[in-house]
1. In region 77-88, what count of residues is obtained for those that are more than 16 Å from residue 157 (Cα to Cα) and within 15 Å of the chain's Cα centre (by Cα)?
2. How many residues are in contact with a helix residue (DSSP H, G or I) (Cβ under 8 Å, 6 or more places away or on another chain) and modelled with pLDDT of 95 or more if we restrict to region 191-207?
3. Taking region 160-179 on its own, how many of its residues are more than 21 Å from residue 83 (Cβ to Cβ) and surrounded by 14 or more Cβ atoms within 10 Å (Cβ to Cβ)?
4. From the list 67, 50, exactly one residue is touching a residue at least 24 places away in the same chain (Cβ under 8 Å) and in contact with a strand residue (DSSP E or B) (Cβ under 8 Å, 6 or more places away or on another chain). Which is it?
5. Just one of (1) at pLDDT 95 or above; (2) closer than 16 Å to residue 181 by Cβ; (3) touching a helix residue (DSSP H, G or I) at 6+ places or on another chain (Cβ under 7 Å) trips up residue 63, so point out which.
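The values are calculated or read from the model by the stated rules, or taken from the named source; none is laboratory data. Bear in mind that the values here come from a model prediction, so they are computed numbers and not experimental data. Virtual Cβ from ideal backbone geometry, glycine too; neighbours counted across all protein chains shown.
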């Protein structure tokens with residue numbers, strides 16, 4: 001059976017487009033992310049304070065910062081205006097639903113838990129006020145008990161910095177796994193390091 005020339009040409013064109021699509025790999029990370037050199041690590045502002053592990057998120061924040069410093073690629077920024085990237089961390093405990101204390105600014109005021117006759121008292125020392133455009137800046141609230149519904153595993157989320165309300169923008173990369181934020185290995189940072197290395201190889205291979 002003979003095909004008309006126009007049909008044969010159309011089939012050839014489709015085959016070429018399919019082949020080109022297979023050969024073209026999606027970029028793992030944008031160029032501006034590969035060029036980033038400063039990073040601000042924050043606790044997810046939506047995270048409450050776990051009653052059974054009140055310092056878990058702050059500890060995760062510090063462990064991520066130490067792992068980033070050991071990596072040596074980034075300099076830690078002190079505020080959003082100087083941060084090329086913002087990394088939001090949130091410690092999971094294996095439960096999707098858990099009681100927590102809400103209304104506590106987890107990024108600018110240490111939390112103090114003191115036993116009381118009725119259970120647990122909540123106090124705190126005021127730290128530095130949030131910077132203008134700080135992604136963790138929120139309306140002040142009074143500490144209050146709540147039921148929190150969140151990811152059961154550790155969360156490590158990368159956003160672009162140097163902008164207002166950075167955490168409201170689409171995330172550049174997300175990583176979630178059990179104990180992803182735990183020291184000494186901090187697997188989330190290791191996974192991010194491997195991703196960047198692979199993205200740089202991909203970029204170098206481009207004509």
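1. 0
2. So the count comes out to 4.
3. Of the residues in region 160-179, the ones more than 21 Å from residue 83 (Cβ to Cβ) are 176-179.
Now narrow it down to the ones that are surrounded by 14 or more Cβ atoms within 10 Å (Cβ to Cβ): 176-177, 179.
Number of matching residues: 3.
4. On the way: 67 fails: in contact with a strand residue (DSSP E or B) (Cβ under 8 Å, 6 or more places away or on another chain).
Criteria check complete, one pass: 50.
5. Unmet condition: (3).
Matching residues to (1) part of a loop (DSSP other than H, G, I, E, B); (2) more than 20 Å from residue 38 (Cβ to Cβ); (3) in contact with a strand residue (DSSP E or B) (Cβ under 8 Å, 6 or more places away or on another chain); (4) at pLDDT below 50:
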residue: 113; (1), (2), (3), (4): no, yes, yes, yes
residue: 123; (1), (2), (3), (4): no, yes, yes, yes
residue: 138; (1), (2), (3), (4): yes, yes, no, no
residue: 159; (1), (2), (3), (4): no, no, yes, no
residue: 167; (1), (2), (3), (4): no, no, yes, no
residue: 171; (1), (2), (3), (4): yes, no, yes, no
residue: 189; (1), (2), (3), (4): no, no, yes, no
